[in-house]
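Only one structure is covered here, and it is reproduced in the block below.
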Amino acid sequence: MTALVRPARTGPSRAGRTLHAGPLAHTILIVAVLFSAFPFYWTVVAASRSNADLAKVPPALLPGPHLMRNFEAVLEEADIGKALLNSLLVSGSITLGTVLCCTLAGFAFAKLRFRGRGALLAVTVGTMMIPPQLGVIPLFMLIAELGWVNQLQSVILPGLVSAFGVFFMRQYLVQSLPDELIEAARVDGASTARIFWSIVVPIARPGMAVLGLLTFMAAWNDFFWPVVALSSSEPTVQVALRQLGGGYVHDQSVIMAGTLLGTLPVLLVFGLLGRQIVGGIMQGAVKG
């Protein structure tokens with residue numbers, strides 16, 4: 001009669017073990033959150049106070065009663081409503097164009113075979129090392145020749161694709177898109193366009209969401225090129241904020257109120273999409 005030998009229990013496996021953060025980790029995280037959130041909290045405090053309150057020593061650390069009055073001053077000094085609409089149009093267009101173009105280019109560099117692929121990728125990545133300020137003068141000469149000065153397309157078109165986005169999507173698809181899926185689609189007779197829309201886009205959706213959020217925030221906060229290409233009659237938010245708090249003594253409370261108005265849409269976008277983006281990244285990591 002053969003005896004059944006049970007293997008000795010060695011405790012929970014490393015793969016199934018649940019990791020718990022200790023007090024030190026919680027303390028570090030709390031301190032990091034406080035340091036990260038304090039600038040936004042101070043913006044709220046400064047936007048709700050008067051300029052005299054901000055000049056006191058020590059300054060006030062609690063919100064005051066002048067928030068709505070400062071908002072009214074912002075609307076009187078700058079066309080902030082038009083600026084918000086312009087920024088939404090510019091940032092949304094740049095985001096859609098960047099996500100689509102960079103996903104297409106990233107797919108080509110990651111999975112398609114063509115002559116000069118490595119050299120083109122090296123040139124694309126190399127452009128990231130060139131300061132964008134070097135291209136301002138020739139770019140402005142080009143839009144002036146086209147008659148686009150003080151028009152929104154002068155800000156939208158130069159940002160429709162980025163070298164960082166191409167490299168980001170290329171790296172994401174190299175890791176997340178198996179070659180077997182593409183080969184199986186080729187066997188079934190799918191074209192490259194069908195493979196892209198039916199296979200690549202669903203797999204790349206988490207990476208596209210991350211790239212879209214980063215692009216939207218960068219386009220919304222961009223100041224240098226819009227202030228060169230646009231004027232106060234057709235401003236984005238960052239250009240409109242330059243008009244606030246004018247005079248011999250700058251009204252910091254009004255400037256901070258305008259900054260708060262310009263920040264709220266970005267926070268709204270992140271609040272709506274942040275969980276989906278994190279969830280998509282985690283889902284893609286588990287599938288990978």
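Things to note:
- Scanning segment 151-162 for residues that are in a helix (DSSP H, G or I) and open to solvent by 20 Å² or more (accessible area, probe 1.4 Å) turns up Q153, I156, L157, P158, G159.
- Test result for I199, in contact (Cβ under 8 Å) with a residue 24 or more places away in the chain, open to solvent by less than 60 Å² (accessible area, probe 1.4 Å) and part of a helix (DSSP H, G or I): no
- Against the conditions (1) open to solvent by less than 50 Å² (accessible area, probe 1.4 Å); (2) under 30 Å from L85 (Cβ atoms); (3) touching a residue at least 24 places away in the same chain (Cβ under 8 Å), G147 satisfies every one except (3).
Residue by residue, here is whether (1) open to solvent by less than 20 Å² (accessible area, probe 1.4 Å); (2) at pLDDT 85 or above; (3) among the β-branched types (V, I, T) holds:
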position: A60; (1), (2), (3): no, no, no
position: M68; (1), (2), (3): no, yes, no
position: I94; (1), (2), (3): yes, yes, yes
position: L104; (1), (2), (3): no, yes, no
position: A108; (1), (2), (3): no, yes, no
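- Note on segment 169-198: among residues that are closer than 14 Å to L112 by Cβ and of a type in the set (S, T, Y), the one that is nearest to the chain's Cα centre (by Cα) is T192.
- Inside segment 185-196, residues that are in a helix (DSSP H, G or I), farther than 30 Å from G274 by Cα and either open to solvent by less than 50 Å² (accessible area, probe 1.4 Å) or in contact with a Cys (Cβ under 9 Å, 6 or more places away or on another chain) (or both) make up a count of 1.
- Filter result (at pLDDT below 90 and farther than 12 Å from S87 by Cβ) within segment 213-223: L213, L214
- Exclusive hit being assigned to a helix (DSSP H, G or I), within 24 Å of F216 (Cα to Cα), open to solvent by 40 Å² or more (accessible area, probe 1.4 Å) and at pLDDT below 90, set R170, R205: R205
- Among the conditions (1) modelled with pLDDT of 85 or more; (2) surrounded by 10 or more Cβ atoms within 10 Å (Cβ to Cβ), the only one that A78 does not satisfy is (1).
The values are calculated or read from the model by the stated rules, or taken from the named source; none is laboratory data. Computed from a predicted structure; not experimentally measured. Cβ atoms come from the backbone with ideal geometry, glycine included; neighbour counts cover every protein chain shown. Remember, those area values only see protein heavy atoms, side chains included, never the ligands or the DNA or RNA. Shrake-Rupley method; radii C 1.70, N 1.55, O 1.52, S 1.80 Å.
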